[in-house]
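For reference, the structure discussed in these notes is given below.
The values are calculated or read from the model by the stated rules, or taken from the named source; none is laboratory data. For clarity, every value in this text was computed on a predicted model and none was experimentally measured. Cβ atoms come from the backbone with ideal geometry, glycine included; neighbour counts cover every protein chain shown. The protein model used for the area step is the full one, side chains on, heavy atoms only, and it has no ligands, DNA or RNA in it. Shrake-Rupley method; radii C 1.70, N 1.55, O 1.52, S 1.80 Å.
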Amino acid sequence: MFPRDFAWGAATSAYQIEGGWQADGKGPSIWDTFCHEKGRVYADQNADMACDSYKLWEKDLECVKQLGLTHYRLSLSWARLLPDGTTQHVNDRGVQYYNKVINDLLACDVSPMVTLYHFDLPQTLQDQGGWKSPGIATLFDNYAKFCFQTFGDRVKLWITINEPYVCAKLGYEDGIHAPGLKEKGISAYVVGHNMLRAHAMAWHSYNCLYRAKQKGAVSLAINSDWFEPLNPGCREDIAATERALAFALGWFAWPVFVTGDYPGIMRSAIDAESKKLGYNGASRLPCFSKDDPAILGTADFFALNYYTSRKVKPGGGCKQVLAMSSDRDLEEVIDPSWPICGVSWLAVGPHGLRNLLKYIKDTFRNPAVYITENGFCQVGPVHIEDVQRCEFYKSTILEVDRAIQEDGVDVRGYFAWSLMDNFEWADGFSVRFGLFHVDFSDAALRRTVYRSGKEYAKIISKHKTGKWKCQQLAKKQHS
Ligand code: GAL
């Protein structure tokens, strides 16, 4: 019972699949630099080659077609298009590559959803301060305008920035993602702030310069776990849950969808902690100024990346160190009934997706929602017959259905992460999220469908409606 024209998709990102890290004039990105340093990534792996999609795109397209996707979410490599990050120098071969990808998709009636930034900042911009520098917003806006201008005649769904939370926290607080900084309690908030400013500038550019002609929609992909109180009857646990949601989903969704500013709970927690630690000066959570672009209303839909759930209780008070974890002051517990899939952080909780969707409806004024990422991984020996992942997709999609039918959430699409096994950031190739297996030991990087890929294809074919259904029927009759 999915709505007409529901988007059935799968997602990837440029650095994780493309390879060709120096091919045809591409500039280096912060992930190239990060992976080339020893000790950063599992077994010192890198994505210099990855799935080699820069060369093997047509193989990826076969996978897209085999699943029967209506939509494919990909990201553009900023440094492939603009090697030094600025529009002063455009790499035509990068433009040609993405033109081919987009045109090939459209020729197969697959709509592209395009992410402008999925973690891979051009290294030259990092050298000038990267996301900590306020000037990055204008540089991003120029890049975004270039992409709207170049591809927007064909791309109608845009994501400006993927997971600002992950970029800020893992890149600048925990140091486990590029650029690998551990500037605890300070930089992540600055980075998040500049990402919001950059996103808003790009949205306004689209709105003023391109929307009337191109008629597309622009948002940013916000990731969040679902949080629930460890003890639902305990007031402190309920308050801790509100804090957890404010520091994850709310950090970026509250400014864009509700007030134009950060959640009050977040600012007061950070400021109270600063006071306790004797940290003087302005709030560590930056304030938007009148010179900043208006943040409120800068999303045409809600793009949600959801993977896992946690139960929470208060963390036990001041830790005497400046850190986001002290500001959040939470203890996270995994319910023993939620199976851990492969990586320790991924406790599987399809119910959490339904709850989060309902929460988004109630808190963020019933927006149209695309689930832009959701998935399940394998670690260790590969099972092409990945029965567990089949169950995962079935139960998750059932929860999405319930969110639509029973809770009235306006869900417009679902994108599985990922089309195929790829470079899973700090975990390298050890963690496999694909619907297609990629044999990284084979020179041809052979793609083989997992059982879960076949299952997903079945689900899609059962539920496809609108123009895609007509095409499917026509094809059947023809054959
Ligand atoms: C997301 C990220 C993806 C993918 C996924 C699985 O945070 O956007 O690139 O790696 O997690 O861990």
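Could you tally the net charge around ALA137, taking each other residue with its Cβ under 10 Å from the Cβ of ALA137, Lys/Arg +1 and Asp/Glu -1?
Taking every other residue near ALA137 into account, the sum is -1.
Need one number: nm distance between label points at LYS215 and LYS394, each 7 Å from Cα along Cα→Cβ, rounded to one decimal.
4.0 nm
Would you kindly calculate the mean projected area, averaged across all directions, of the convex hull enclosing the Cα atoms of the chain, in square nanometres?
The number I arrive at for the chain is 22.2 nm².
Accessible area per residue for the range 27-165 in Å², computed with a 1.4 Å probe and the full protein assembly in place, what is it?
34 Å²
So how much slack lies between GLU37 and SER337, counting 0.36 nm per residue of separation and subtracting their Cα-Cα distance, in nm?
104.1 nm
How much FRET efficiency would the formula 1/(1 + (r/R0)^6) give for ARG93 and THR448, where r is the Cβ-Cβ distance and R0 is 35 Å, rounded to 0.05?
0.70
Let's test the formula: R0 of 56 Å, r as the Cβ-Cβ distance of ASP24 and GLN320. What FRET efficiency results, to the nearest 0.05?
0.60
My understanding is that a pair violates if its Cα-Cα distance is over 31 Å; which of LYS276/LYS358; LYS311/LYS361; LYS100/LYS182 do that in this structure?
Where the Cα-Cα span goes over 31 Å, the pairs concerned are LYS276/LYS358; LYS100/LYS182.
Please work out the average accessible area per residue across the range 226-283, using the 1.4 Å probe convention, and give it in Å².
For the range 226-283, the solvent-accessible area averages 44 Å² per residue.
With a 1.4 Å probe and all protein chains in place, put GLU58, GLU332 in order of accessible area, largest first.
Result, largest first: GLU58, GLU332.
So if I place +1 on the C-beta of Lys and Arg and -1 on the C-beta of Asp and Glu, and nothing else carries charge, what would the dipole magnitude of the range 35-131 be about its Cα centre? I want it in debye, nearest 20.
The calculated dipole for the range 35-131 is roughly 100 debye.
Could you list the residues of the range 74-96 with an amide nitrogen less than 18 Å from a label point located 7 Å from the Cα of ASP153 in the Cα-to-C-beta direction?
Answer for the range 74-96: 92-96.
With the other protein chains left in place, how much accessible area per residue, in square angstrom, belongs to the range 284-357 at a 1.4 angstrom probe?
Value for the range 284-357: 40 Å² per residue.
Taking amide H positions as placed in the peptide plane 1.01 Å from N, state which residues far from VAL449 in sequence (5 or more) or on other chains have amide H under 5 Å from it.
HIS437
Carbon and sulfur atoms: what percent of the 1.4 Å accessible area of the chain do they account for?
Here it works out to 53 percent.
May I ask you to compute the full-extension gain from ILE186 to VAL387, defined as 0.36 nm times their residue separation minus their alpha-carbon distance, rounded to one decimal in nm?
Going from the current span to full extension adds 68.0 nm.
About the Cα centre of the chain, what is the dipole size in debye to 20, counting +1 per Lys and Arg Cβ and -1 per Asp and Glu Cβ, all else neutral?
Here the chain has a charge dipole of around 1220 debye.
Name the shape class, rounded, prolate or oblate, that the alpha-carbon gyration tensor gives for the range 175-257, where a ≥ b ≥ c are the square roots of its eigenvalues, rounded holds for a/c under 1.5, and otherwise prolate holds if a/b is larger than b/c and oblate otherwise.
Because a/c hits 1.5 or more and a/b fails to exceed b/c, the range 175-257 counts as oblate.
Could you check what % of the DSSP bridge pairs in the chain are antiparallel, to the nearest 5?
25 percent
What trypsin sites (Lys or Arg not before Pro) in the range 350-408 are in a loop by DSSP, with at most 13 other Cβ atoms within 10 Å of the Cβ?
ARG365
Taking the Cα centre of the chain as the origin and placing charges on Cβ (Lys, Arg +1; Asp, Glu -1), which of PHE140, ILE360, ILE176 is farthest toward the positive end of the dipole?
Result: ILE360, furthest along the dipole toward the positive end.
Compute the length gained on full extension between SER344 and MET49: take 0.36 nm times their separation in residues and subtract their Cα-Cα distance, giving the result in nm to one decimal.
103.5 nm
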